[in-house]
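For reference, the structure discussed in these notes is given below.
The values are calculated or read from the model by the stated rules, or taken from the named source; none is laboratory data. Please read all numbers here as calculations on a predicted model, not as lab measurements. Methodologically, a virtual Cβ is constructed for each residue, glycine included, from the backbone with ideal geometry; neighbour enumeration extends over all protein chains shown.
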Amino acid sequence: MELSQSIMKLLSILVFTSLGTVWAQTAPASGQALLPDIPGEKVIARFDDGAEFTMDQLRQLYPVLPPQLQGAVTKDPVEFFREYALMRRHRNWTSRSLTRMRSSSTAC
């Protein structure tokens, strides 16, 4: 009986020590370590409308992206920015359409 209690105590100590070690490990702050070390003011993308996207802007955007898009940024940045450009165009088109609709409804 005493031997089994000793084994149980030893196992308990090992489990709690292991859990403490796992909790003590820290992940990089929101994946920032995965981004390349490029100066913040460096333009990393240019869009069809002439807008520029800097590394600082990517560092601000990256933490709020869903994990799938964070992976896309680091694995295939060219494709990520193609998709981002499409989203920007759609947003701009939607904004212009809404503005036209509002101005035509007030003219009536």
Would you be able to tell me the number of residues in region 72-87 that are under 15 Å from Pro36 (Cβ atoms) and assigned to a helix (DSSP H, G or I)? 8
From Leu19, Leu10, Leu86, residue being surrounded by 10 or more Cβ atoms within 10 Å (Cβ to Cβ) and modelled with pLDDT of 90 or more: Leu86
